[in-house]
Amino acid sequence: MKPSFPRGLYVITDRDLCVESGMTASVRAALRGGSAIVQYRDKTGDHRRRQREAAALARECRNANALFIVNDDPELARACDAGGVHLGGEDTDLAQARQIIGDKRLIGVSCYDSIERARDAVAGGCDYVAFGSAFPSPTKPGAVHAPLRLFTEAARELQVPVVAIGGLTPANGGRLVAAGCHALAVISGVFGQPDPEAAARQYVRLFEQPPAEDGLE
């Protein structure tokens, strides 16, 4: 059986931001703050280190009852018994990824600003979709912009969870929750802060209170 996709904060690792306290310690702090999902993202070619780190983070997530996702590496996701893999526009083909990880793990797909790509991904068997950048992002300043109405449309139409990413803060994230997003994906908003645990808690609170129904267009 596939793991469920939890509602809440979805943190994505960044090697440069996690260098001071270390990858595992940074993720552990984010988990203490209530992060529901952790994505291990590392595009380097150091396969041994990546395997070691992914295995360590997978254990941390299991201990915290959080979902662990590996970015763009179905083989690594299977090897460390991750809950799933996340695919971008230039990553492994969805059908190929499914063959590698099997039917008991999740596949997420980045759809940027395209509802058509999301429809195709859902038809192809993905388990959740992500849109962004919702707001200007310090991590990817050149990313395409996904308007708030796209999140509303996707949440109403698609039969899978919708994730928002890009420039999300505790101040603007509630607008995405109001639009129907199942999770908020954050990098620098948590790992770029002096206290990742406290930063994570600020995002988690957005899912614990009724969001304001404004600014959805």
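The values are calculated or read from the model by the stated rules, or taken from the named source; none is laboratory data. As the structure is a prediction and not an experimental result, all values here were calculated from the model. No Cβ is skipped: glycine too gets one built from the backbone with ideal geometry, and neighbour counts run over all protein chains shown.
Details
- Meets criteria (closer than 13 Å to Val163 by Cβ and either in contact with a strand residue (DSSP E or B) (Cβ under 9 Å, 6 or more places away or on another chain) or polar (S, T, N, Q) (or both)) for Gly124: no
- Ala134 vs. criteria part of a helix (DSSP H, G or I), of a type in the set (Gly, Ala, Ser) and either in contact with a Lys or Arg (Cβ under 9 Å, 6 or more places away or on another chain) or over 11 Å from Ile69 (Cβ atoms) (or both): no
- Segment 89-107, residues that are small (Gly, Ala, Ser), out of contact with any helix residue (DSSP H, G or I) (no Cβ under 6 Å at 6 or more places or on another chain) and modelled with pLDDT of 95 or more: Ala95, Gly102
- Within segment 116-131, restricting attention to residues that are in a helix (DSSP H, G or I) and hydrophobic (A, V, I, L, M, F, W, C), the residue that is nearest to Leu94 (Cα to Cα) is Ala121.
- The numbered conditions (1) surrounded by 22 or more Cβ atoms within 10 Å (Cβ to Cβ); (2) over 23 Å from Gly142 (Cα atoms) are all true for Val160 except (1).
- Selection of segment 43-70 for residues being modelled with pLDDT of 95 or more and outside any helix (DSSP H, G or I) yields Ala64, Asn65, Ala66, Leu67, Phe68, Ile69, Val70.
- Residue that is surrounded by the fewest Cβ atoms within 10 Å (Cβ to Cβ), among those in segment 163-182 that are farther than 17 Å from Ser137 by Cα and under 16 Å from the mean Cα position of the chain (by Cα): Gly180
- Test: residue in segment 114-125 that is farther than 24 Å from Ala66 by Cα, polar (S, T, N, Q) and without any contact (Cβ under 8 Å) to a residue 40 or more places away in the chain: yes
- Any chance Ile37 is among the β-branched types (Val, Ile, Thr), closer than 24 Å to Gly173 by Cβ and surrounded by fewer than 20 Cβ atoms within 10 Å (Cβ to Cβ): no
- Residue list for segment 179-201, filter: assigned to a helix (DSSP H, G or I) and either under 15 Å from Val162 (Cβ atoms) or in contact with a helix residue (DSSP H, G or I) (Cβ under 8 Å, 6 or more places away or on another chain) (or both): Gly189, Val190, Phe191, Pro196, Glu197, Ala199, Ala200
- Within the set Thr152, Thr169, Thr92, the sole residue that is of a type in the set (Ser, Thr, Tyr), outside any strand (DSSP E or B) and closer than 26 Å to Arg59 by Cα turns out to be Thr92.
- Residues located in segment 4-39, provided they are among the hydrophobic types (A, V, I, L, M, F, W, C), more than 17 Å from Arg205 (Cβ to Cβ) and within 13 Å of the chain's Cα centre (by Cα): Phe5, Ile12, Val38
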